[in-house]
Amino acid sequence: MIDQPIQKGKQMTDDSRFDDIYLRLNELTEDVANLKIQAGTIGTSQVAVARTLSLATGLASDMREVKADIREMKSEIRNLNAGLEEVLRLLRGGSSS
């Protein structure tokens with residue numbers, strides 16, 4: 001029961017990280033939509049291609065960061081699960097003595 005506030009705090013932190021990731025993805029989606037509008041209204045295809053390439057490069061970089069964040073969170077969850085399993089194992093062993 002003592003660890004419950006810690007887990008709630010950790011869950012809230014993970015939730016806020018996921019919220020941040022989804023917010024950033026939504027912002028990037030809006031940027032792509034805006035770029036499509038700009039590409040349609042800008043006179044030259046070269047400018048549109050250059051902006052698209054620049055945006056695609058930025059999106060790739062952001063996606064690598066998002067993937068790294070998700071991998072880190074998965075690792076943290078695995079570590080938390082392993083720790084919880086160890087606590088449960090110790091509790092079970094202590095109650096049978």
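In order along region 68-76, phi translates into HN-Hα couplings of 5, 4, 5, 4, 5, 5, 4, 5, 5 Hz, rounded to whole numbers, per the Karplus curve 6.51 cos²θ - 1.76 cosθ + 1.60 with θ = phi - 60° and x for Gly and Pro. Each residue of region 77-93 is assigned a 3J(HN,Hα), and the resulting list reads 5, 4, 5, 5, 4, 5, x, 5, 4, 5, 4, 4, 4, 5, 5, 5, x Hz, derived from the Karplus form 6.51 cos²θ - 1.76 cosθ + 1.60 (θ = phi - 60°), x at Gly and Pro.
None of the figures in this text is laboratory data; all of them are computed from the coordinates on show. What you see is a predicted model; the values in this text were computed from it and never measured.
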